[in-house]
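Colleague: Dropping the structure in here first, questions after.
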């Protein structure tokens, strides 16, 4: 895997800033925990996050979710990762991730991009970003607009094999 390219879906608050501290209950509310079929989970993604109840109807397959700091804080519910897989998204990019969520998303083989710097004027839903894995750069229309934490060899391997359980 050399890069991940796709339209972004940016999670912003009413002031236009990236939303921080999106917890797993906002990503996939506990009222849906009885749903065990991953194909059914996507429709409930982010429906407990203010202003994003209709997220699953607006997001398109192949998109990359972009958020602020501490994405996925809270409980260890795997459904908070699986709901994005259910929607056929390509990954989640955020300034930082909750520690348990970070392990879950990596182990699932779903790309987790930890942004270290970005020119926020380009953070508009629908813009097409390329996340250059080798250079750890975020590119928009041929211009480097940010950087992210380099993927470890292990993380790349888990992503390529579509999950930790496929690495054994």
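Read-outs: derived from the displayed coordinates by stated rules, not from any lab. Just so you know, these numbers come straight off a predicted model, no measurement behind them. A quick note on method: Cβ atoms are made from the backbone with ideal geometry, for glycine too, and the neighbour counts reach across all protein chains shown.
Colleague: Checking residue 1 against (1) in a loop (DSSP other than H, G, I, E, B); (2) farther than 30 Å from residue 152 by Cβ, which test does it fail?
Modeller: (2)
Colleague: Condition test on residue 161, is it surrounded by fewer than 16 Cβ atoms within 10 Å (Cβ to Cβ), closer than 26 Å to residue 78 by Cβ and free of Cβ contacts under 8 Å to residues at least 24 places away in the same chain?
Modeller: Judged against the criteria, residue 161 is not a match.
Colleague: Here's another thing I want to ask about it. Would you mention how many residues in the range 110-131 are surrounded by fewer than 17 Cβ atoms within 10 Å (Cβ to Cβ), under 30 Å from residue 166 (Cβ atoms) and in contact (Cβ under 8 Å) with a residue 40 or more places away in the chain?
Modeller: Qualifying residue count, the range 110-131: 1.
Colleague: With (1) part of a loop (DSSP other than H, G, I, E, B); (2) crowded, with 19+ Cβ neighbours inside 10 Å; (3) out of contact with any helix residue (DSSP H, G or I) (no Cβ under 8 Å at 6 or more places or on another chain) as the list, and residue 61 as the residue in question, which single condition is left unmet?
Modeller: Against the list (1) part of a loop (DSSP other than H, G, I, E, B); (2) crowded, with 19+ Cβ neighbours inside 10 Å; (3) out of contact with any helix residue (DSSP H, G or I) (no Cβ under 8 Å at 6 or more places or on another chain), residue 61 comes up short only on (2).
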